[in-house]
Amino acid sequence: MTADLPDTLPETLHDRLDRLEVPAGDLGAARAGGTRLRRRRRAAAASLVGAAAAAVVVTSVTVGPFGTPDPREGRGIDTEPAGSSVAPLGRLDFSGGLRAYASPDGSEVHLGGRVFDGKDLAGLDTDAAATSRGIVAYDDGRPVLLDATGATRALEQAAEAGGAFTPAAKSDSDGSTVAYGAVLDGTPTVVVRDLASSTEVAIRAVDPATRIDALDRGVVALRDEAGTSLWDTSTGEVSQLAGPGTTVADLRGGVVLYDGPAPEGPAARDLTLVRGPIDAQLTFDGSHVLSWSGTLRSTDGGASIQLDRGPTAGGYAFWTFDTDGSVLVAVPDGQRASVYDCGLPSGTCETLAPVSVTSGDPMFIGNDM
């Protein structure tokens with residue numbers, strides 16, 4: 001899944017719209033089933049892909065001055081917006097969500113209302129996090145943010161280059177808070193940061209095998225060999241949620257979507273527990289489940305939400321949530337896929353630019369099911 005990138009990301013992602021139409025062909029609806037199984041196995045084995053795939057995203061970016069160190073921490077955490085030593089991509093429009101998706105080989109990248117040539121960006125969707133402030137990923141083991149200015153900046157100046165602790169980053173439903181990993185002072189550490197103010201919310205040293213499964217309203221789901229626990233960053237309290245046989249697929253609005261045995265730890269008492277596939281997702285308020293269908297089922301017995309765009313009979317599609325809470329839908333048709341942005345709860349969909357799928361399945365950057 002990994003690949004070597006050119007010397008600079010901006011040189012790869014330049015302003016050249018790739019709208020070449022390719023002769024249509026029949027990819028076969030059977031591919032969707034195989035993709036679903038592959039992605040479930042990938043999600044269940046996140047510990048195997050965490051370090052490798054995320055580093056691909058911006059490995060080649062050379063990050064410049066990082067801002068003024070925070071004297072309270074003594075670790076050089078950014079307190080002001082930081083620049084980049086390379087030319088930015090140019091302004092990106094995140095007002096309607098990131099609308100971040102790409103062709104399967106990464107050669108065609110859609111982001112913030114623009115289309116870039118992005119060769120060799122395979123794996124971009126795997127462990128990055130799409131936030132309302134941009135894409136959080138890893139550069140040689142150090143967390144970075146590609147923001148709406150098109151520039152890339154480091155989130156942790158003191159993070160060790162080449163650090164091996166790069167779990168999949170997760171974004172809160174507020175869109176601007178993110179949890180990521182870094183090696184700080186030689187210790188694997190989970191950091192929760194408010195990207196809007198560029199301030200650290202909380203920090204916690206963890207076992208190097210720890211994975212970040214979800215972040216919601218300041219509560220982080222952390223999974224290690226002992227199971228899953230919830231870390232409340234407002235109080236610092238950590239409480240056991242489930243044993244090692246259970247995996248949290250998503251956490252939103254006090255609802256836990258899980259796979260495996262039902263959570264029975266102390267943290268489960270005040271939560272709504274909903275069983276679902278490991279590659280499903282919750283709406284930001286936790287009221288509905290998105291799971292490979294244009295019908296989002298309710299988590300509390302209420303009415304389902306029906307999207308007005310999706311595959312025709314016998315067809316298939318790919319789904320995810322955008323950073324504004326809407327649903328992105330990609331419907332393959334021959335060698336291109338139609339892409340829609342569907343509002344909730346109306347289910348009304350807006351047509352976005354299509355994407356090439358000549359070599360596989362479309363990717364949703366930073367939030368792939």
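Restricting to segment 312-337, name every residue that is free of Cβ contacts under 8 Å to residues at least 24 places away in the same chain and crowded, with 17+ Cβ neighbours inside 10 Å. Hit for segment 312-337 is VAL331, nothing else. Being out of contact with any Lys or Arg (no Cβ under 8 Å at 6 or more places or on another chain), without any contact (Cβ under 8 Å) to a residue 40 or more places away in the chain and over 23 Å from VAL248 (Cβ atoms) is a property that GLY343 has.
Taking strands (runs of 3 or more DSSP E) that fall entirely within segment 113-161, which contain at least 3 residues that are buried (at least 20 other Cβ atoms within 10 Å of the Cβ) and modelled with pLDDT of 85 or more? Please lay out each step first, then the result.
Working: elements: 114-117, 129-131, 134-139, 142-146, 152-154.
Result: 129-131, 134-139, 142-146, 152-154.
For GLY175, the conditions (1) at negative phi; (2) crowded, with 17+ Cβ neighbours inside 10 Å are fulfilled apart from (1).
Evaluation of GLY186 against the conditions (1) more than 15 Å from LYS170 (Cα to Cα); (2) touching a residue at least 24 places away in the same chain (Cβ under 8 Å); (3) in contact with a strand residue (DSSP E or B) (Cβ under 7 Å, 6 or more places away or on another chain); (4) surrounded by fewer than 20 Cβ atoms within 10 Å (Cβ to Cβ) shows that the sole unmet condition is (3).
When you check ASP341 against the structure, is it modelled with pLDDT of 90 or more, surrounded by fewer than 22 Cβ atoms within 10 Å (Cβ to Cβ) and part of a strand (DSSP E or B), yes or no? Here the answer is yes, as ASP341 does meet what is asked. Within segment 254-286, restricting attention to residues that are under 13 Å from PHE321 (Cβ atoms) and assigned to a loop (DSSP other than H, G, I, E, B), the residue that is modelled with the lowest pLDDT is ASP279.
Give the number of residues within segment 227-240 that are more than 19 Å from GLY286 (Cβ to Cβ) and either modelled with pLDDT under 95 or in a strand (DSSP E or B) (or both). Total satisfying the criteria: 4.
TYR316 passes every criterion in (1) farther than 23 Å from SER346 by Cα; (2) in contact with a helix residue (DSSP H, G or I) (Cβ under 9 Å, 6 or more places away or on another chain); (3) part of a loop (DSSP other than H, G, I, E, B) apart from (1).
The values are calculated or read from the model by the stated rules, or taken from the named source; none is laboratory data. Keep in mind that what you see is a predicted model, and the values were worked out from it rather than measured. Note that we place each Cβ from the backbone using ideal geometry, even for glycine, and neighbour counts take in every protein chain shown.
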